[in-house]
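The values are calculated or read from the model by the stated rules, or taken from the named source; none is laboratory data. Note that this is a predicted model, so its numbers are computed, not measured. Note: ideal-geometry Cβ built from the backbone for every residue, glycine included; neighbour counts use all protein chains shown. Side chains are part of the model used for accessible areas, which takes the heavy atoms of the whole protein and leaves out ligands, DNA and RNA. Shrake-Rupley method; radii C 1.70, N 1.55, O 1.52, S 1.80 Å.
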Amino acid sequence: MPDELFERSWSPESWRSRTAAQQPEWPDEQVLDAALDEIRKLPPLVFAGEARTLSESLDAAREGKGFLLVAGDCAESFSSFSADSIRDTVRVILQMSVVLTYGSGVPTIKAARMAGQFSKPRSAATETRDGVTLPSFRGDNVNDFAFDAVARLADPQRLVRGYHQSAATLNLIRAFAKGGFADLSRVHAWNQEFVTSSTEGQRYEVLANEIDRALRFMRACGIDLEAELQLHQVDVYTAHEALILGYEEALTRRDSITNDWYDCSAHLLWCGERTRALDGAHVEFLSGVHNPIGVKLGPDATPEDAVGLCQRLNPGREPGRIVLFSRMGADRITETLPALVRAVKLANHPVLWACDPMHGNTFQHESGYKTRRFDDIMRELHGFFDVCHANDEWPGGVHVELTGDNVTECLGGTEKIGDTDLKDRYETMCDPRLNARQSLDLAFETAELLRR
Ligand code: PEP
Ligand code: CO
């Protein structure tokens, strides 16, 4: 079907006539519909104007005038929801952005995998333990992590709870971003106690001192720093995988200014490696909303897939709309990514290329824990920069799973988390996350790559 026909027939519910991968088996359609009706009546979480500002920044980044940092939990949870954990994650994101901006000289666009990153695609629909088979855990807004027949039933009221938790989370993020916490004069305060004494923490302190000095210098030159809003506030956008389409549809609203549709559940929505089928429901849904859209591309993605997705999601070639997240794995990126980058360039599609160095490097450790090696993550990032440079593309961003907590989920880093350390503080419900120190380490190394 030509693209114009797709466009004409699009509506927030047009995905329903397509195959939707990775949807939960809701036990009762009526209960689901009631929950979605409830969400439909709730206020939007973000505004269309904010999504447009993000698009503008992404377009500037595409031209080398910015760098996108997408960061946060693999899956947010209901049980570990607290002001402290939100603050600690925001704090790491702010630290990383300062390191990236200071090192690269370009603004960091901050998108938190928060306030909506609840649902998870799974490699298998069921999970078997000791001869018992139950539905897989699909994220806290679908079912419960506990391995129990009742807990694993999909419950639509969880979507409503997910909405409310997202609203509360976003409220706090906005307060942190605009209410003083993100003020550049507090750059030292973002260093957490357990990080301060570490190598990364010390390196960060040196940088923070330099920023202090630069601020003092500007003040001495007579610049009125109080009047410079950019020094006191930041924009923190939100991003998540648009997985549960009923939920995304219920939050899709027409912008009163442009009359265009926006998915107001987050600023940036992405389709995952398992939900990016060209003729599938997720791509259909995302093709019609005007938010910036991300697409994950794994090692099996072909150049035709990459170009087809750009064409389908952005036939008008609008700048600032598409972010392609390469997630190939450290061993494969330099072999698989170049053809994709070249094909998209040849097709003249304006995209921002970014790297998710996490999801292609996950493996099951012999102890049973799902983990990732910090070295593999860095190796993939290096490969990404090499491929971009070789093909005259700006390496436009990084997409990482992290937490502000002192967890032991990924191996390595300067603290050398080893095989036997994983069990100490392995707290994730889904994929292993970088801890605050590893995140800072990654930011320093990425800043160096950007400087080259
Ligand atoms: C994720 O970002 O958590 C995820 C599941 O990624 P991918 O679709 O790339 O596997
Ligand atoms: Co993940």
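Numerical summary
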| read-out | value |
| --- | --- |
| Condition broken by residue 426, with the remaining ones in (1) part of a loop (DSSP other than H, G, I, E, B); (2) of a type in the set (Ser, Thr, Tyr); (3) over 21 Å from residue 73 (Cβ atoms) satisfied | (3) |
| Matching residues in region 426-439 - criterion: being within 14 Å of ligand 1 (Cβ to nearest atom), open to solvent by 10 Å² or more (accessible area, probe 1.4 Å) and not charged (D, E, K, R) | 428, 429, 430 |
| Criterion (open to solvent by 10 Å² or more (accessible area, probe 1.4 Å), closer than 21 Å to residue 73 by Cα and of a type in the set (Gly, Ala, Ser)) met by exactly one of 360, 316, 397 | 360 |
| Some residue of region 320-334 being away from ligand 1 (no atom under 16 Å from the Cβ) and open to solvent by 60 Å² or more (accessible area, probe 1.4 Å) | yes |
| Any strands (runs of 3 or more DSSP E) falling wholly within region 246-355 and containing at least 3 residues that are of a type outside the set (Lys, Arg) and touching a Gly at 6+ places or on another chain (Cβ under 9 Å) | 268-271, 322-326, 351-355 |
| Options 215, 231, 269; residue that is open to solvent by less than 10 Å² (accessible area, probe 1.4 Å) and either free of Cβ contacts under 8 Å to residues at least 60 places away in the same chain or more than 23 Å from residue 342 (Cα to Cα) (or both) | 269 |
| Residues that are in contact with a strand residue (DSSP E or B) (Cβ under 9 Å, 6 or more places away or on another chain) and closer than 25 Å to residue 240 by Cα, drawn from region 360-377 | 360, 361, 362, 363, 364, 370, 371, 372, 373, 374, 376, 377 |
| Qualifying residue in region 174-182 (condition: away from ligand 1 (no atom under 16 Å from the Cβ), assigned to a helix (DSSP H, G or I) and at pLDDT below 95) | no |
| Among the residues listed as 20, 61, the single one being of a type in the set (A, V, I, L, M), more than 25 Å from residue 433 (Cα to Cα) and within 16 Å of ligand 1 (Cβ to nearest atom) | 20 |
| Residue check for residue 423: surrounded by fewer than 23 Cβ atoms within 10 Å (Cβ to Cβ), at pLDDT 95 or above and within 14 Å of ligand 1 (Cβ to nearest atom) | no |
| Set 326, 287: member being within 16 Å of ligand 2 (Cβ to nearest atom) and not aliphatic (A, V, I, L, M) | 326 |
| Where residue 240 falls short, out of the listed (1) in a loop (DSSP other than H, G, I, E, B); (2) buried (at least 18 other Cβ atoms within 10 Å of the Cβ) | (1) |
| Hey, residue 380 open to solvent by less than 50 Å² (accessible area, probe 1.4 Å) and within 23 Å of residue 59 (Cα to Cα) or not | no |
| Residue in region 418-430 that is in contact (Cβ under 8 Å) with a residue 60 or more places away in the chain, away from ligand 2 (no atom under 16 Å from the Cβ) and over 21 Å from residue 140 (Cβ atoms) present | no |
| Boolean, residue 126 is away from ligand 1 (no atom under 15 Å from the Cβ) and buried (at least 19 other Cβ atoms within 10 Å of the Cβ) | no |
| Filtered residues of region 356-408 (kept if within 15 Å of ligand 2 (Cβ to nearest atom), among the polar types (S, T, N, Q) and part of a loop (DSSP other than H, G, I, E, B)) | 361, 403 |
| Answer from 362, 408 - the residue that is modelled with pLDDT of 95 or more, within 14 Å of ligand 1 (Cβ to nearest atom) and not charged (D, E, K, R) | 362 |
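Let's see how each residue does on (1) within 18 Å of residue 22 (Cβ to Cβ); (2) crowded, with 22+ Cβ neighbours inside 10 Å; (3) of a type in the set (Gly, Ala, Ser):
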site	(1), (2), (3)
251	no, yes, no
258	no, no, no
261	no, no, no
309	yes, yes, no
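This table checks each residue for (1) among the basic types (Lys, Arg); (2) open to solvent by 10 Å² or more (accessible area, probe 1.4 Å); (3) touching a residue at least 12 places away in the same chain (Cβ under 8 Å).
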| position | (1), (2), (3) |
| --- | --- |
| 54 | no, no, yes |
| 62 | yes, yes, yes |
| 85 | no, yes, yes |
| 89 | no, yes, yes |
| 111 | no, no, yes |
| 115 | no, no, yes |
